[in-house]
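Notes follow the structure.
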Amino acid sequence: MELNLIQVIAVYALPVIFAITLHEAAHGYVAKYFGDLTAYSQGRVSLNPIRHIDPIGTVAVPLILLAVSKFAGGGFIFGWAKPVPVNFGALRHPKRDMLWVAAAGPGANLAMMIFWALMVKLAFLQSMGGFSLPLALMGAAGVLVNAIFMVLNLLPIPPLDGGRIMVSLLPHRQAYQFSRIEPYGFFVIIGLLFLGVLGYVLWPVVALSVRLVTALVGVSDVDLNTLVYMMHR
């Protein structure tokens, strides 16, 4: 079975929206827990995707990359939501708590990977037809998308979450020097993407994380790869 572009977009829509928006919501929830009410006061500590959607980063960019992936065979699907505002100075222990606030986003993606893998397992427990096949395809898309977002955001480049985790872990002097990269971090990431370095570095880690999660919930990575192939061939 081969899916057309509209069908692929329909399969990916919910996984992409929730992968991006719940990632941001998680930052807000954890920041609130550690004492920063900035996001909460702006209504951003919410599971409502509408509060987090960025028309460009959450809709346009993923759609374009999805179309490229469908017709060019492969490619990296990513995007972003409206960043949740965090005042690290308002945290009870700014340098230490920064780690947990930053890690919350990738942690949310990991939780969603497990959820979508369970949806694939549920689909395979039923006869593969009717509602089961769309559920399996959506589950496979959810696992893949969240793996990409999780691994990408863990890159140690400010302002990505991995960069903020590094700032939290480094001694004060080195942390300050490292944090000065942040204004240029986005350009570094785009440069690595266009040079092909980003995919070369991240795909093995993405594949490993997918295998670990599918093994955890008892889903064959061969079955998952077959579902992904159906969407992108």
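Summary table
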{"item": "The range 78-233 pair-distance distribution - Cα-Cα, 5 Å bins, rounded %", "result": "2, 9, 15, 18, 16, 13, 11, 8, 5, 2, 1, 0"}
{"item": "Cβ-Cβ FRET estimate between Ser220 and Ile53, R0 fixed at 41 Å, reported to 0.05", "result": "0.75"}
{"item": "Backbone HN-Hα couplings from phi across the range 146-156 [Karplus 6.51/-1.76/1.60, Hz, Gly and Pro as x]", "result": "5, 5, 4, 5, 5, 5, 4, 6, 8, 4, x"}
{"item": "Contour excess over end-to-end distance, with Cα ends at Val197 and Leu37 and 0.36 nm allotted per residue", "result": "53.8 nm"}
{"item": "Spin-label model distance (nm) - Ala13 vs Leu65, 7 Å beyond Cα toward Cβ", "result": "2.0 nm"}
{"item": "Packing-based exposure ordering (other Cβ within 10 Å, fewest first) of Ser209, Ser179", "result": "Ser179, Ser209"}
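No value in this document is a laboratory result; all are computed from the given coordinates. Not measured: the values here are computed from a predicted model. Don't worry about glycine lacking a Cβ; one is built from the backbone with ideal geometry, like all the others, and counts go over all protein chains shown.
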